[in-house]
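> My questions will all concern the structure given below.
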Ligand code: AMP
Ligand code: MG
């Protein structure tokens, strides 16, 4: 049995996971930085990661019932993400791999969200809607890559919900709070809907929703914000599904926890004869297990990479990565 230790540190979460080559998740532990006020400050977030990486790694190894000496491969999130945060994960991974004398693998964070979904939901070739604090991407496998069919032109869906909540005086993370408020209303406040071809834009919608707050009950605005933004990602997902004719739809990323979004994407999927799958909550947000599993797939296909090639890639796109382990 080969085991891989994966380290995730692209944004707010420092996480470690341990998997084996059969796809069993042996351990996963996380510590998420929550700012007292405002959004994520990259440097403050990275200091949080430095402070907690040892306990997080020890907890993941403890769950897996193994010691560091039992690890055969070390994988880390090489990008995309916040530079200072990525640097913490890369440094820890380099130190551990060098100390243990084992191969190191750099993983694309977005690819990892897709791969953990394929593993956890037992799907083979899905159209994927990946919606999180940092990303909003509709993608599917074609010609050796996870091609991007549509994406946000400005901010991510989760970031938009968090920023709205912050303006409304609610604490981070705002997504779940907006969902709870939205459930209390069915009154639609008119908000701008912006889909451009296969891409979408969310910052104008955010501004309009914040501006609507003084004149309307917050539940009505939260409901309208969800209905508008979720319809936008559903439209792009539906068009990509009709074009690619995939038989499975995978919803992943932190916003995948939202019940209303799940309901909408399920309707779109079933309307096109595709099955709908939401990644289980524990694996939908950023986690070390997805990095460990994707690292394992990469390692089995092409081995480790030289330490000189382990520099972070803060703007690494999903569609730049050759997916060598799929044909
Ligand atoms: P991630 O970046 O993948 O770790 O996901 C974090 C994002 O998911 C944050 O923007 C959260 O506000 C968002 N999120 C978590 N739960 C929900 C929910 N129930 N509804 C909407 N957004 C959510
Ligand atoms: Mg993510």
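> If you check residue 312 against the conditions, is it assigned to a helix (DSSP H, G or I), touching a helix residue (DSSP H, G or I) at 6+ places or on another chain (Cβ under 7 Å), crowded, with 24+ Cβ neighbours inside 10 Å and at pLDDT 95 or above?
Working: assigned to a helix (DSSP H, G or I): no; touching a helix residue (DSSP H, G or I) at 6+ places or on another chain (Cβ under 7 Å): yes; crowded, with 24+ Cβ neighbours inside 10 Å: yes; at pLDDT 95 or above: yes.
It is false that residue 312 is assigned to a helix (DSSP H, G or I), touching a helix residue (DSSP H, G or I) at 6+ places or on another chain (Cβ under 7 Å), crowded, with 24+ Cβ neighbours inside 10 Å and at pLDDT 95 or above.
> Can you tell me which residue is surrounded by the most Cβ atoms within 10 Å (Cβ to Cβ) among those in the stretch 18-41 that are within 14 Å of ligand 1 (Cβ to nearest atom) and assigned to a strand (DSSP E or B)?
This residue is 28.
> Could you tell me whether residue 327 is away from ligand 2 (no atom under 16 Å from the Cβ), over 24 Å from residue 181 (Cβ atoms) and modelled with pLDDT under 95? Before the answer, list the steps.
Details: away from ligand 2 (no atom under 16 Å from the Cβ): yes; over 24 Å from residue 181 (Cβ atoms): yes; modelled with pLDDT under 95: yes.
Yes.
> May I pose another question? Report yes if some residue within the stretch 284-293 is modelled with pLDDT of 95 or more, part of a strand (DSSP E or B) and either in the same structural domain as residue 79 (by TED's automatic domain parsing) or within 30 Å of residue 227 (Cα to Cα) (or both); otherwise report no.
No, the stretch 284-293 contains no residue that is modelled with pLDDT of 95 or more, part of a strand (DSSP E or B) and either in the same structural domain as residue 79 (by TED's automatic domain parsing) or within 30 Å of residue 227 (Cα to Cα) (or both).
> Can you name the condition, by its number, that residue 249 falls short on among (1) outside any helix (DSSP H, G or I); (2) outside the structural domain of residue 71 (by TED's automatic domain parsing); (3) surrounded by fewer than 23 Cβ atoms within 10 Å (Cβ to Cβ)?
Among (1) outside any helix (DSSP H, G or I); (2) outside the structural domain of residue 71 (by TED's automatic domain parsing); (3) surrounded by fewer than 23 Cβ atoms within 10 Å (Cβ to Cβ), the lone unmet condition for residue 249 is (3).
> Could you say whether any residue in the stretch 78-92 is assigned to a strand (DSSP E or B) and on the phi < 0 side of the Ramachandran plot? Walk me through it before giving the result.
Taking the stretch 78-92 first, the residues assigned to a strand (DSSP E or B) are 78-79.
In the following step, the residues that additionally are on the phi < 0 side of the Ramachandran plot were identified as 78.
Yes, there is a match, as at least one residue in the stretch 78-92 is assigned to a strand (DSSP E or B) and on the phi < 0 side of the Ramachandran plot.
> Also, I was wondering about something else. Hey, among the residues in the stretch 204-216 that are in contact (Cβ under 8 Å) with a residue 12 or more places away in the chain and over 15 Å from residue 233 (Cβ atoms), which one's farthest from the chain's Cα centre (by Cα)?
Keep residues of the stretch 204-216 that are in contact (Cβ under 8 Å) with a residue 12 or more places away in the chain, which gives 204-206, 208-210, 212-213, 216.
Retained after the next criterion (residues that are over 15 Å from residue 233 (Cβ atoms)): 204, 208-210, 212-213, 216.
On the way: 204: 23, 208: 26, 209: 25, 210: 25, 212: 29, 213: 29, 216: 32 Å.
Ranking the candidates gives 216 first.
> Determine which single condition residue 114 fails, assuming it passes every other condition in (1) within 15 Å of ligand 1 (Cβ to nearest atom); (2) farther than 22 Å from residue 292 by Cβ.
That leaves (2) as the condition not met.
Residue by residue, here is whether (1) touching a strand residue (DSSP E or B) at 6+ places or on another chain (Cβ under 7 Å); (2) within 16 Å of ligand 2 (Cβ to nearest atom); (3) in the same structural domain as residue 232 (by TED's automatic domain parsing) holds:
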residue	(1), (2), (3)
93	yes, no, no
137	yes, yes, yes
148	yes, yes, yes
154	no, no, yes
161	no, yes, yes
164	no, no, yes
168	no, no, yes
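> Hey, another quick one. Away from ligand 2 (no atom under 16 Å from the Cβ) and under 23 Å from residue 165 (Cα atoms) - does that describe any residue in the stretch 244-257? Can you show your working first?
Filtering the stretch 244-257 down to residues away from ligand 2 (no atom under 16 Å from the Cβ) leaves 244-249.
Narrowing further to those that are under 23 Å from residue 165 (Cα atoms): none.
There is no residue in the stretch 244-257 that is away from ligand 2 (no atom under 16 Å from the Cβ) and under 23 Å from residue 165 (Cα atoms).
> So, in the stretch 258-276, how many residues would count as being part of a helix (DSSP H, G or I), more than 16 Å from ligand 2 (Cβ to nearest atom) and touching a strand residue (DSSP E or B) at 6+ places or on another chain (Cβ under 8 Å)? Steps first, please.
Initially, the stretch 258-276 is screened for residues part of a helix (DSSP H, G or I), giving 259-271.
Next cut, more than 16 Å from ligand 2 (Cβ to nearest atom) only: 259-260, 262-271.
Those still in the list that are touching a strand residue (DSSP E or B) at 6+ places or on another chain (Cβ under 8 Å) too: 262, 265-266, 268-270.
Residues flagged as part of a helix (DSSP H, G or I), more than 16 Å from ligand 2 (Cβ to nearest atom) and touching a strand residue (DSSP E or B) at 6+ places or on another chain (Cβ under 8 Å) within the stretch 258-276 amount to 6.
> Mind counting the residues in the stretch 1-48 that are within 16 Å of ligand 2 (Cβ to nearest atom) and either closer than 22 Å to residue 97 by Cβ or touching a strand residue (DSSP E or B) at 6+ places or on another chain (Cβ under 8 Å) (or both)?
Total meeting the criteria: 16.
The values are calculated or read from the model by the stated rules, or taken from the named source; none is laboratory data. The shown structure was predicted, so the numbers you read here are calculated from the model rather than taken from an experiment. Glycine also receives a Cβ, built like all others from the backbone with ideal geometry; neighbour counts cover every protein chain displayed.
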